[in-house]
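Everything below concerns the one structure shown next.
FYI, it's all coordinate maths here, none of it is from the lab. Given the structure is predicted, the values throughout are model-derived calculations rather than measurements. Cβ sites come from the backbone with ideal geometry, for glycine too, and all protein chains shown count toward neighbours.
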Amino acid sequence: MKNNLPGLLLGSLLLLLSTLIWGQENNASRTDAADFDFGVAELETNYAGFPSKVTEANRKTYEALKARCRKEVTEGRKPWEALGELYAWFDDFHLRVGRFATPYMQRELPSYETMEDYDPLPTYCKVTDRTFLIRFPSCDGEYPTPEWVNESIDAYRASGCENLIIDIRGNGGGMDGIFRPYTTLLYDHESRLDGAKIRNTPAHIAWIDKIEVDWIQQLKEEMEKSEDEFVLMTPRWIEISYDSISPLPRRAALIIDATVASAAEQMVLTLRACSSRTTVYGRDNTMGCLDYSNCRTVNLPQSGITLSVPMTRTCRLPDRGIDQTGIAPDVRIPLPLPNELTGNVDEWTQWVAADLEK
């Protein structure tokens, strides 16, 4: 009689191994689904665009996409990739799952990869004896810093130039406050801007509770007392009014491109509102990433990948949003892309200077 013990042992080991592997895969599936469900809850509960973007007309489409993405996660798809596809359905560049939503975005932005070097750097210098350049490629406050902004204005005033170009190509946004000195310099008439509303959720209340600023704490109290889904974060209209008007520059230009987004787009809207001497130049519209903003970041509980969820929506909506189109320039620059955009005085800057000096 043959001894079948080795075969039995091998069969038992294989069964145990398959059980362990199945258990690990099953646990991984549950973990991945937990990340996906967390991201969906953030989207539906806290995203400021969700109540208006998911309508009676498209809800079935959204629900079907959500169900498909979740099913794919249980079958092995990475949850952050599935969430990226789901978030991209909202066509909002502020709404992000790391960088995983980008490949699924509905809009294709113009590319500047054909340029030999596209790396706009903070720069200020004379273009001609009559026109001065300030290149301001970020509103994040790290570089250029607020001190640099003031230095650039001092350098302009010392230059004696009658015209000013502020080049914000490459400026993907950051903080509105950093460009305020440029607003003060170019301001020439009173105006007003649309305010914003914040989606009133416990997560947003907890987020702003950490900000020790009086008006933010007052906002938190208003949110806690209100049963409304949205609460005004600012006044409905934000007034722009200064005590004096700078005599120079005589004429000013703002150069934009398709990478200009968020706070940089707010800079364009602000200067358009209060500076009749400022003309916006560019080839392409801005990105269109401003209607829903003031993002709260939170990490997926298992993978740790960061979600970016806009808390607020502008009072421009529903009739005057910019996200679908971006902001168009006043003057289209009739030139090909420059070969290089770094800290140099490129072909576009020279063309705009000549136009200002006509």
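Applying the condition of being basic (Lys, Arg), out of contact with any Asp or Glu (no Cβ under 7 Å at 6 or more places or on another chain) and surrounded by 11 or more Cβ atoms within 10 Å (Cβ to Cβ) to segment 213-254 and asking which residue is farthest from Pro181 (Cα to Cα) yields Arg236. Can you tell me which residue in segment 62-111 is nearest to Thr312 (Cα to Cα), limited to those that are more than 24 Å from the chain's Cα centre (by Cα) and outside any helix (DSSP H, G or I)? Taking the candidates together, the pick is Lys78. Against the definition (without any contact (Cβ under 8 Å) to a residue 24 or more places away in the chain and either among the polar types (S, T, N, Q) or more than 18 Å from Thr306 (Cα to Cα) (or both)), how does Glu81 come out, yes or no? Here the answer is no, as Glu81 does not meet what is asked. Go through segment 92-111 and give me each residue that's closer than 19 Å to Thr325 by Cα, buried (at least 17 other Cβ atoms within 10 Å of the Cβ) and not aliphatic (A, V, I, L, M). Answer for segment 92-111, where residues must be closer than 19 Å to Thr325 by Cα, buried (at least 17 other Cβ atoms within 10 Å of the Cβ) and not aliphatic (A, V, I, L, M): Asp92, Phe93, His94. With a requirement of 1 or more residues that are within 30 Å of Thr31 (Cβ to Cβ) and charged (D, E, K, R), the strands (runs of 3 or more DSSP E) lying completely within segment 266-351 that satisfy it span 292-299. The selection criterion, being in contact with a helix residue (DSSP H, G or I) (Cβ under 8 Å, 6 or more places away or on another chain) and surrounded by 23 or more Cβ atoms within 10 Å (Cβ to Cβ), holds for Asn171. If the condition is being more than 21 Å from Ser152 (Cβ to Cβ), under 21 Å from the mean Cα position of the chain (by Cα) and assigned to a loop (DSSP other than H, G, I, E, B), then segment 229-260 contributes Met233, Thr234, Ala258. Residues in segment 301-350 that are free of Cβ contacts under 8 Å to residues at least 24 places away in the same chain and in contact with a Pro (Cβ under 8 Å, 6 or more places away or on another chain): Asp346, Glu347. For Ala158, the conditions (1) closer than 19 Å to Tyr242 by Cα; (2) among the hydrophobic types (A, V, I, L, M, F, W, C); (3) free of Cβ contacts under 8 Å to residues at least 12 places away in the same chain all hold with the exception of (1).
Contact map, segment 191-202: residues that are closer than 12 Å to Gln266 by Cα paired with residues that are part of a strand (DSSP E or B), Cβ distance under 6 Å, separation 6+ or inter-chain. Pairs shown: Leu193/Ile238; Asp194/Thr314; Gly195/Ile238.
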